[in-house]
Amino acid sequence: MPRIKVLAGAVFALVFAVPALVHAQAHMAWSGTVSSVSGSNISLMANGTSYTVDASNAKIVRRGGAGTRMSLIMSGDTVQVQGTASGTTITATLVRDMSLVGRTSFTAHVRSISGSSFTMQTTNFGHVTVNTVSSTTITKNGQPASFSSIAVGDMAMVNGVWNTAHNVVTASSISI
């Protein structure tokens, strides 16, 4: 009689537990290059396969682990994604943009201005594009100023998040 109970238990496990394991989604990780970004979706090329990453409920961080915004992720960035997959769709729990360096500072002369951005020629990193956002603070000679007060030739000190893949800084503050 004990052999029948053991056999019945094994059959139960095969019938009910194994299919559940087959259909369970494993938490996995991918690393690749961003092809495009649209809202909270990222097109990712990893190991020769194109994935769609749903990052709507994911934690978004930069290289060092500090939080960042989805809007800073750009085509060409290298990202690491953790989450679950169904075919080529990844539901992300974490997106780490390895191209975003933590807070950084550049000081150089403004070389050109276009819209709400300008370029600077730095000694170590060549031409760096500086993008401003609504929260960027600008000062000139220690006083609050607007973007329109920045002129070609000004010496600018820029603090912000640097995207090494594109040599772009999203400025948190600019001092002229």
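Over the stretch 101-175, the hull volume per residue, using the convex hull of the C-alpha atoms, is 81 Å³. Taking every DSSP helix (H) stretch of at least 4 residues in the chain, weighting each as -39,500 (n - 2.57) and dividing the sum by the residue count yields a mean residue ellipticity at 222 nm of -2500 deg cm²/dmol. For volume of the Cα convex hull per residue in Å³, the value calculated from this model appears in (i) 148; (ii) 167; (iii) 134 under label (i). In plain terms, if you count all Cα to Cα distances in the stretch 27-119 and split them into 5 Å steps from zero, the share in each step is 3, 14, 24, 22, 14, 9, 7, 5, 2, 1 percent. Against the chain, whose longest principal axis comes from its Cα atoms, helix 2-12 is set at around 40 degrees.
On the beta carbon distance between Val133 and Ser86, with R0 = 35 Å, the FRET formula returns roughly 0.50. Distant-in-sequence amide contacts of Val169, defined by a placed amide H-H separation under 5 Å and a gap of 5 or more residues or a different chain, comprise Thr129, Val130, Asn131, Asn163.
Every number in this text was worked out from the coordinates using simple rules, so none of it is lab data. Everything quoted here is computed from the prediction, not taken from an experiment. Every residue, glycine as well, gets a Cβ built from its backbone with ideal geometry; the counts of neighbours run over all protein chains shown.
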